Amino acid sequence: MSAEMDVRWEEMQAAFGAMASSSTLPQEWQLITIPTELALIHKISADAFQFNGQRVGMANPNDLKCRLVLVEKGSLSVMQWSGHRRLGPGEAVLLTDVNGNELHASGPIELIILALPIWWCLRELAEATRVITETFIPAGFIGASALAQLVRAMAEKGNGVWVASAGRLLSALLKEALLAQVNEHESARQGAVFTERRMQEIFAFICLNYGQEGLSARDAAAALGYSLRTVHKTCAARGTSFTTLLMETRLSAAAYQLSLGTERISEIAYEAGFSSLSHFCRLFRQRFGLSAGEYRRGVALPLVGSADDDYGDDQPAPTASPTDP
């Protein structure tokens, strides 16, 4: 594969995550990425492509995302476990990496994609529904035009203080969309769908509570009304475990906070649910191949003060306390 093709694959995976691991490579492809405090924003122009519904893995910092995909030009076909929709200009869909999503464009298309931390989506939208499964935002939705204008404005303005208020508005509009669609979604969930939904609810519970020290599968079972065996069995059926999902969520949330460069490493570790700073630093290095301090300096703006003096590099750390859950 040529260097140009390698770059194109990397760009597609950055924009579409796990979906891009099995796809038809577009002949024409252009991507512009705008980093913001809230999300990575990708502006894409491409010809025909097809992504074949791969679920997310647990092996890179792009894990655990939800993607708000806005169609600017052309037509995008979206297939999910609950159904199929074809989106036109001004319409959008919120996709999560936990589901297997199939995307197909039969001709030239222009998209804007907001790649948001999935735990942010679950936290912000929890009032509207317990679980994010999928959210289509058709042109007929009363807030569709406002949402499209907001996404375009975020892509144009990029990073800065303005994005914080944009995030609050984005949250409000998406909540309205969820409430407008929830009845339709509920009527479609029958039979085997319950198993998929159970996994979604477990993952949603983790994303909403990962900062709680000592969080366990037993807590999830009690909160969701499942048996402990059901929680473990549901996770195992997806090739993972409750502990693995919890640790991935905590580390991904910590990496996101580190990229903002606004808090001490110790504060970030404890807010993410770790009871031991040294344990966090060890797991973070194992996960990302860098210390927390190195990771922050590689992806964030320079810090004011000495926020990296919390064993974020290779300084001696105190003895770890008992392993976090």
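The values are calculated or read from the model by the stated rules, or taken from the named source; none is laboratory data. All figures in this text were calculated on a predicted structure; none of them were measured in a lab. Here Cβ is always computed from backbone atoms with ideal geometry, including for glycine, and neighbour counts include all displayed protein chains. For the accessible areas, the whole protein counts, side chains as well, though only heavy atoms, and no ligand, DNA or RNA atoms are used. Shrake-Rupley method; radii C 1.70, N 1.55, O 1.52, S 1.80 Å.
The set of residues in region 228-246 that are in contact (Cβ under 8 Å) with a residue 60 or more places away in the chain, surrounded by fewer than 23 Cβ atoms within 10 Å (Cβ to Cβ) and part of a helix (DSSP H, G or I) comprises THR243, THR244. Taking first residues from region 124-141 that are more than 15 Å from VAL78 (Cβ to Cβ) and of a type in the set (Ser, Thr, Tyr) and partners that are modelled with pLDDT under 75 and open to solvent by 20 Å² or more (accessible area, probe 1.4 Å), the Cβ contacts under 6 Å between residues at least 6 apart in sequence or on separate chains come to THR129/VAL182.
Here is a list: LEU64, LEU103. Which entry is over 30 Å from GLN286 (Cα atoms) and either surrounded by 18 or more Cβ atoms within 10 Å (Cβ to Cβ) or at pLDDT below 80 (or both)?
On the way: LEU64 fails: over 30 Å from GLN286 (Cα atoms).
The match here is LEU103.
With respect to (1) in contact with an Asp or Glu (Cβ under 9 Å, 6 or more places away or on another chain); (2) modelled with pLDDT under 90, the lone exception for TYR270 is condition (2).
Of all residues in region 263-302, which are touching a residue at least 24 places away in the same chain (Cβ under 8 Å), closer than 23 Å to LEU40 by Cβ and either assigned to a helix (DSSP H, G or I) or among the polar types (S, T, N, Q) (or both)? If the condition is that a residue be touching a residue at least 24 places away in the same chain (Cβ under 8 Å), closer than 23 Å to LEU40 by Cβ and either assigned to a helix (DSSP H, G or I) or among the polar types (S, T, N, Q) (or both), then ILE265, ILE268, GLU271, PHE284, ARG287, PHE288, ALA292, GLY293, TYR295, ARG296, VAL299 are the ones that fit. Just one of the listed residues (ALA307, ALA236) is out of contact with any Phe, Trp or Tyr (no Cβ under 7 Å at 6 or more places or on another chain) and modelled with pLDDT of 80 or more, and it is ALA236. Kindly indicate whether any position in region 263-285 is aliphatic (A, V, I, L, M) and in contact with a strand residue (DSSP E or B) (Cβ under 9 Å, 6 or more places away or on another chain). Scanning region 263-285, I find no residue that is aliphatic (A, V, I, L, M) and in contact with a strand residue (DSSP E or B) (Cβ under 9 Å, 6 or more places away or on another chain), so the answer is no. Among residues of region 213-227 that are of a type in the set (Lys, Arg), those with a beta-carbon under 6 Å from a residue that is assigned to a helix (DSSP H, G or I) at least six positions away or on a different chain give the pairs ARG218/LEU228. Just wondering, is there one or more residues in region 214-230 that are touching an Asp or Glu at 6+ places or on another chain (Cβ under 7 Å) and modelled with pLDDT under 90? No - not one qualifying residue is present in region 214-230.
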